[in-house]
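The values are calculated or read from the model by the stated rules, or taken from the named source; none is laboratory data. Keep in mind it's a predicted model, so treat the numbers as computed, not measured. Quick reminder, even Gly has a Cβ in these numbers, built from the backbone with ideal geometry, and neighbours come from all protein chains shown.
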Ligand SMILES: Nc1ncnc2c1ncn2[C@@H]1O[C@H](COP(=O)(O)OP(=O)(O)OP(=O)(O)O)[C@@H](O)[C@H]1O
Ligand SMILES: Nc1ncnc2c1ncn2[C@@H]1O[C@H](COP(=O)(O)OP(=O)(O)OP(=O)(O)O)[C@@H](O)[C@H]1O
Ligand code: SF4
Ligand SMILES: [Mg+2]
Ligand SMILES: [Mg+2]
């Protein structure tokens, strides 16, 4: 049994203009001690997937169907009281936007200690020491003084690090990190990633790392999910996704990165605009922007195909290749 | 150096920060920086958050009055009000945040035409409209979008609007302050290509500020590295990336997360420890010494000189010989 099992998750927002299908049938497993990366275009449903797992969706948002199990316990449908117990103890989240997630009226120290007292077996003095230690670990200078300050006295990058310290101080089984290092520069980012990795090894914590930064994914993740328009279009080990992408969107994403290899050349962006989640097409959601789209791509969605033991993709190109292989007399 | 377009000498920008009811203290955001940019060149500017990159860009364009130092444009020192006015027509800035830098109550056409309106750069309405449409097509915006509002557009499209506005006066020099940081990878690639194309078409010179070192390396001819208000290294993009000399640059380059799992596994990051200093309380001597693994007494005693150690490669560090 995996630590986290997400099965055919559908989450929608019910808005005045219609149902926005933000997450459309997402399934994945996460094992203890593993790091799972989630990448994908802006608006593809990465954060909504995370919020669904935590059940912290906005009022208009609802898990329409599917199952989310942690340690075998079903989370969809349980009461808010039970869910409170899961949050923090079992799963913690670092939000994309740190400005909105700290309470402006309490000191940093108060907020850190509150989280530690609630979720671990420590007394006040131990919680204080732990909070100071965590601030030091995320490289906030003069942590004892900082404990007594309020969020407004911290820069954006510092608040981000406080959020990281808070999530890690609770020693969760699963840490969901939504763009945790975007506001930080690379030297501090490197320190934070190192810290996450060491805690993950020490505590056997599992991490879901949501990010635009493919460098962070390459460095941190064992497995990667690629999302497009609310669905998983490809999933596999980091090596498979980077060196052997099998979905046309992923291939486009990889071509867009500036690397040392394409110095001085033109980059290759993905053309076209993202699809409208209010009007999902019948076929592959990427078909309207795909250079290789075939007739069937516009009509019907491709099933997830097992490429090899470590890799799945939902793209008709793979079906076509399979058929061509089988069609060859000697192959 | 006949082909220098922009040059600054000993540029300083201090902000007065209140430390008590009646006392202030200078925050040395930019502290004695000198460099030049060649015509048609892209100079990348990198460094830690808060090290003074944006302030360099703004002061360079005289959006902030320099506390001290000299700015030369096309060989001419910018001094009088008239100089500044002329200079403003030939230079422009693209801002970091495509979400907040455009007025949501203005149409795309009005945003793009704003600099033209300010400098009265057209004879009649028709000329204004023609110029706006020309600019829109240059940055790949559909002419039908002219009368829509900025908030109706995606991040990538908004950044194009900002770029079209910056190009309105046919500038020779553009400061780009983190123009692609807020965009996702594939949209980022579109915008970077556009900067390239505009440079070819219009012979532009760029100062390109960014966080993402792979992006900076891709677009820049040379790269300058800042730390706590000072410039610590400057060299050809490839040279500084492959052979960084300053300890901070070495650390920066080693920390770049490479989008390549095998390389990432082999890459040995230099992880810094030590206090991150504040520009209000800069350490004596070398600004990097509180975190530098090579720091010695000399580093605390005096600021190392920013000097050319190889042809075109400038560094400010006392201990280059020991570091090797
Ligand atoms: N409260 C809401 N009401 C309506 N639609 C919403 C709401 N929140 C999110 N959405 C929609 O759900 C989709 C998925 O959003 P989500 O925030 O998960 O994207 P994301 O993949 O995290 O993108 P980014 O990389 O930009 O953070 C988007 O199209 C978004 O517009
Ligand atoms: N208008 C201002 N008034 C007072 N202090 C300022 C002002 N603008 C910038 N500063 C300070 O000057 C220093 C340099 O800021 P600047 O914005 O130039 O940094 P930066 O290198 O662009 O950082 P980032 O990468 O985060 O954008 C910072 O310590 C900042 O707090
Ligand atoms: S001058 Fe000294 S402290 Fe500064 S970078 Fe060089 S060795 Fe390090
Ligand atoms: Mg998100
Ligand atoms: Mg800045």
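Cβ separations smaller than 6 Å between residues 6+ apart or across chains give no pair from segment B:99-114 residues that are without any contact (Cβ under 8 Å) to a residue 12 or more places away in the chain to residues that are assigned to a strand (DSSP E or B).
Consider segment B:235-248 and keep the residues that are more than 22 Å from residue A:257 (Cα to Cα), surrounded by 24 or more Cβ atoms within 10 Å (Cβ to Cβ) and in contact (Cβ under 8 Å) with a residue 60 or more places away in the chain. The one that is nearest to the other protein chains (Cβ to nearest Cβ) is B:247. Among the candidates B:92, B:123, the residue that is free of Cβ contacts under 8 Å to residues at least 40 places away in the same chain and either away from ligand 3 (no atom under 16 Å from the Cβ) or within 14 Å of chain A (Cβ to nearest Cβ) (or both) is uniquely B:123. Tally the residues that are free of Cβ contacts under 8 Å to residues at least 24 places away in the same chain and in a loop (DSSP other than H, G, I, E, B), restricting the search to segment A:115-158. Final tally of qualifying residues: 6. With respect to the conditions (1) under 24 Å from the mean Cα position of the chain (by Cα); (2) within 30 Å of residue B:222 (Cα to Cα), residue A:243 falls short on a single one, namely (2). Of the residues making up segment A:299-312, those that are within 14 Å of residue A:240 (Cβ to Cβ) and touching a helix residue (DSSP H, G or I) at 6+ places or on another chain (Cβ under 8 Å) are A:305, A:307, A:308, A:310, A:311. Among the residues making up segment A:234-244, those that are more than 11 Å from chain B (Cβ to nearest Cβ) and crowded, with 22+ Cβ neighbours inside 10 Å are A:234, A:235, A:236.
Residues that are buried (at least 20 other Cβ atoms within 10 Å of the Cβ), away from ligand 5 (no atom under 16 Å from the Cβ) and assigned to a loop (DSSP other than H, G, I, E, B) within segment B:189-229 comprise B:204, B:220, listed in sequence order.
Quick check on segment A:70-92. Is at least one of its residues in a strand (DSSP E or B), closer than 20 Å to residue A:199 by Cβ, without any contact (Cβ under 8 Å) to a residue 60 or more places away in the chain and away from ligand 4 (no atom under 14 Å from the Cβ)? Within segment A:70-92, one or more residues are in a strand (DSSP E or B), closer than 20 Å to residue A:199 by Cβ, without any contact (Cβ under 8 Å) to a residue 60 or more places away in the chain and away from ligand 4 (no atom under 14 Å from the Cβ). For residue B:211, the conditions (1) touching a residue at least 24 places away in the same chain (Cβ under 8 Å); (2) under 19 Å from the mean Cα position of the chain (by Cα); (3) over 24 Å from residue A:140 (Cβ atoms) are fulfilled apart from (3). The set of residues in segment A:11-35 being away from every other protein chain (no Cβ under 14 Å), more than 10 Å from ligand 1 (Cβ to nearest atom) and within 26 Å of residue A:252 (Cα to Cα) consists of A:24, A:25, A:26, A:27, A:28, A:29.
Scoring residue B:216 on the criteria (1) modelled with pLDDT under 95; (2) away from every other protein chain (no Cβ under 13 Å); (3) within 12 Å of the chain's Cα centre (by Cα) leaves a single failure, condition (2).
Note on segment A:159-199: among residues that are more than 24 Å from residue B:254 (Cα to Cα) and part of a loop (DSSP other than H, G, I, E, B), the one that is farthest from ligand 3 (Cβ to nearest atom) is A:173.
Close Cβ contacts (under 9 Å, 6 or more residues apart or on different chains) running from residues in segment B:251-263 that are more than 7 Å from every other protein chain (Cβ to nearest Cβ) to residues that are modelled with pLDDT of 85 or more and surrounded by fewer than 20 Cβ atoms within 10 Å (Cβ to Cβ) comprise B:253/B:242; B:262/A:239; B:262/A:243. Taken over segment B:20-49, the criterion of being touching a helix residue (DSSP H, G or I) at 6+ places or on another chain (Cβ under 7 Å) and not in a strand (DSSP E or B) is satisfied by B:48, B:49.
Selection within segment A:181-222: residues that are surrounded by fewer than 20 Cβ atoms within 10 Å (Cβ to Cβ) and closer than 14 Å to residue A:30 by Cβ. The member of this set that is nearest to the other protein chains (Cβ to nearest Cβ) is A:222. Regarding segment B:95-107, can at least one residue be identified that is assigned to a strand (DSSP E or B), more than 14 Å from chain A (Cβ to nearest Cβ), more than 16 Å from ligand 3 (Cβ to nearest atom) and over 25 Å from the mean Cα position of the chain (by Cα)? Yes; the residues of segment B:95-107 include at least one that is assigned to a strand (DSSP E or B), more than 14 Å from chain A (Cβ to nearest Cβ), more than 16 Å from ligand 3 (Cβ to nearest atom) and over 25 Å from the mean Cα position of the chain (by Cα).
For segment A:261-279, the criterion of being buried (at least 22 other Cβ atoms within 10 Å of the Cβ), within 16 Å of ligand 4 (Cβ to nearest atom) and farther than 30 Å from residue A:16 by Cα is satisfied by no residue at all. Scoring residue B:32 on the criteria (1) crowded, with 16+ Cβ neighbours inside 10 Å; (2) within 16 Å of ligand 5 (Cβ to nearest atom); (3) away from chain A (no Cβ under 14 Å) leaves a single failure, condition (2). Got at least one residue in segment B:125-137 being more than 16 Å from ligand 4 (Cβ to nearest atom) and outside any helix (DSSP H, G or I)? No, segment B:125-137 contains no residue that is more than 16 Å from ligand 4 (Cβ to nearest atom) and outside any helix (DSSP H, G or I).
Of everything in segment A:266-320, what is over 17 Å from residue A:24 (Cα atoms), part of a loop (DSSP other than H, G, I, E, B) and within 14 Å of chain B (Cβ to nearest Cβ)? Give them in sequence order. Of everything in segment A:266-320, those that are over 17 Å from residue A:24 (Cα atoms), part of a loop (DSSP other than H, G, I, E, B) and within 14 Å of chain B (Cβ to nearest Cβ) turn out to be A:266, A:267, A:268, A:269, A:270, A:271, A:272, A:273, A:290, A:291, A:310.
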